[in-house]
Amino acid sequence: MSLVNLTINGKSVAVPKGTTILNAAKEANVKIPNLCHLHMDEINMVNQCASCRVCMVSAGRGLVPACGTLVKEGMDVQTNTAQALKARKNVVELLLSDHPQDCLLCEKSGECELQDIATELGIRNIRYKGAQSTAPTDNSTKSIVKDHDKCILCRRCETMCNDVQTVGVLSGVGRGFNTEVGTFFNTDLCETECTFCGQCIAVCPTGALTEVNNVPVVWDALSQKEKTVVVQVAPAVRVALGEEFGLEAGSISTGKMVAALKALGFKYVFDTNYAADLTILEEASEFLHRLKEGHNLPILTSCCPAWVNFVEGNYPQLLNLPSSCKSPQEMFGAIAKNYFGPKVINVEPKDMLVVSVMPCVAKKYEAARSELGQEEVLDVDIAITTRELAKMIKEAGIDLAILQDESFDSPLGESTGAADIFGATGGVLEAALRTAYEWVTDKDLADVNFTQVRGMEGIKEASIDIDGTIINACIASSLGNARKVMDEVAAGNSKYHIIEIMACPGGCVAGGGQPYHKGDYDIVKKRAAGLYNIDNNKELRKSHKNPAIVALYDEFLGQPYGETAHKYLHTHYFDKSSVYETCEDCACGKEVTAQ
């Protein structure tokens, strides 16, 4: 490998040819502020448009953008000259001059990278005055709010949407002062092919893209004395929530999280993991049924609502392949309202409110899908993100870090380790294999660790021998990788029997509603490791061994994949590539034209 020698602030550095000044500075432990640049090797995302000009440095003949300039032999780089500092301040002041001055009221306050850089540069006055570019805020969906006025044209969201997720909703529109990152023909997000995965939110440096704020709705629900308000918490939340309170990434805060939720006033605090175990019994049953019949293969997992939205819009000819199982969020709501409520605590479905805490903004959209419920009563009433839960805890003056651990309520709080790993890419498939193996072989599976399906790779393959039958499995995370796999399925070239797909790169631990990792995928890896640690330390690690789930079938559902299970736990899908009369899926009620 050819190396280039240079100096940065007097430090000698040798880096591979083709390295930018910004990356070379990182090797020398020299910080260069930047806004638009974002490079995540783990998911092959490179946003290197050099548009913000915050990373200007002195290099030989003048100032150059560090993120867009390659190193040269003998180059002398100075990052903190008076000229460079003045240029950075000027650029940030110009950005602020075309930016709303409502930082204290912004959803991203305290997490805004523009705000952070302005503070670091000591900017206390904006010298540039004049007109500001404005556009209407897009509040059309249940998941995402797009506020153009706070956009700095960094193009991170565009790169994520087009290059990583291959959804292609966001693009640069207009010229000069009228430039904005928007949708084609300025169409509302609810009328586009947006899957609501929220990865655009995850990479946005400002408040231009945020989740729909459901915190006030939850506070209002908790004040309704005539309603029984229960809450469920997804597995990925417990290994990320602590980050909002100064804990190490991947710290397991399950007990403290439960204590906080009880302190907030929820009547019952339950675990989505209970429903994840339930999902495995239904999905494994469906898979084995299809495998035996030899049709509708490969079966595609259906836990991820952004992925479901993606397949409905892009592969309507293959809607016979996704599992008919509802997601764990929706299964939980169905059981809470139709079993736990009326049969355990004598509360009718209409008198119960189910709140979900999810790592995902697409869960807000999923909760509003009208087909996911019974007799016009939705399975889930309100979904909030990990970030929103952290805000509620802080609003209540609760210090999560010092709380004494408490336990989930029973019976909808009991789960196995197989449910915990749902939050990491490959986890759903691994949990299903643990159960399918024992059901097919009628033998005890001594080693439940299917390590070949683990890891952060975007596409993974595995061949599993189940009593002489070879199961070819595939795991894809990110919608871009999902497209690669699905194109092969559509072309008839797939060898797989089962495919797990998660929209977010790395799985739910990197969900669009998680604490911002700001491009540091080591944080995501630590969260996944936390989930595998929980699984490894549980006595029960196979979903079909969960005694609360066994009792549920005995008392209410009957057989897995049976008639009652189908009524409450299964769903159907829609061809979203054709014309719709109304946009029912995002519950906005607007007229929708063909895309």
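Summary table
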quantity	calculated
Computed over segment 497-575: relative contact order in percent, which uses C-alpha pairs under 8 Å that are six or more apart	11
Cβ charges +1 (Lys, Arg) and -1 (Asp, Glu), total dipole of segment 275-329, debye	100
Descending semi-axes in Å of segment 325-435, equivalent ellipsoid built from Cα gyration tensor	23, 21, 17
Computed over segment 157-236, the ratio Rg/Rh where both radii use C-alpha atoms and Rh is Kirkwood	1.12
Distance violations [Cα-Cα > 30 Å] among K11/K150; K26/K526; K460/K538; K363/K525; K364/K525	K11/K150
Dimensions (Å) - segment 40-171, Cα atoms, principal axes, largest first	53, 38, 25
Mean projected area in nm² (Cα convex hull; one quarter of hull surface) for the chain	28.7
Tilt relative to the chain, helix 254-264 - C-alpha long axis, 0 to 90 degrees, to 10	90
Rounded tilt (10° steps) of 521-536 against the dominant C-alpha axis of the chain	20
For segment 1-138, size of Cβ-based charge dipole, Lys and Arg +1, Asp and Glu -1, in debye	720
Residue (of P505, H572, S223) at the positive-pole extreme of the chain, dipole from beta-carbon charges	P505
Dipole magnitude (debye, nearest 20) for the chain, charges at Cβ of Lys, Arg, Asp, Glu	2280
The chain: relative contact order in percent, alpha carbon pairs under 8 Å with at least 6 residues between	16
Coordinate range along principal axes, alpha carbons of segment 411-495, Å, largest first	40, 33, 21
Integer Hz, Karplus 6.51/-1.76/1.60 couplings in order for segment 267-281, x for Gly and Pro	5, 10, 10, 10, 10, 4, 4, 4, 6, 5, 4, 4, 4, 5, 4
Cα-based helix-to-principal-axis angle, 479-490 vs the chain, degrees rounded to 10	50
GluC sites (Glu not before Pro) restricted to segment 374-443 and DSSP loop, no more than 11 other C-beta within 10 Å	E375, E376
Residue-averaged 222 nm ellipticity for the chain, from DSSP H runs of 4+ at -39500 (n - 2.57), nearest 500	-8500 deg cm²/dmol
Solvent exposure of the chain as accessible area per residue, Å², 1.4 Å probe	40
Hull volume in cubic angstrom per residue (convex hull over the Cα atoms of segment 209-366)	149
Listed residues Q199, A263, Q132: farthest to the positive end of the dipole of segment 129-271 (Cβ charges)	A263
Label point distance in nm, Y128-D220, each placed 7 Å from Cα along Cα→Cβ	4.0
Relative contact order (percent, whole number), segment 118-242, Cα cutoff 8 Å, 6+ residue spacing	24
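The values are calculated or read from the model by the stated rules, or taken from the named source; none is laboratory data. In this text, all values refer to a predicted model and were calculated from it rather than measured experimentally. Heads up, the Cβs are rebuilt from the backbone with ideal geometry, glycines too, and the neighbour counts pull from every protein chain shown. SASA here: full protein model, heavy atoms, side chains in, ligands and nucleic acids out. Shrake-Rupley method; radii C 1.70, N 1.55, O 1.52, S 1.80 Å.
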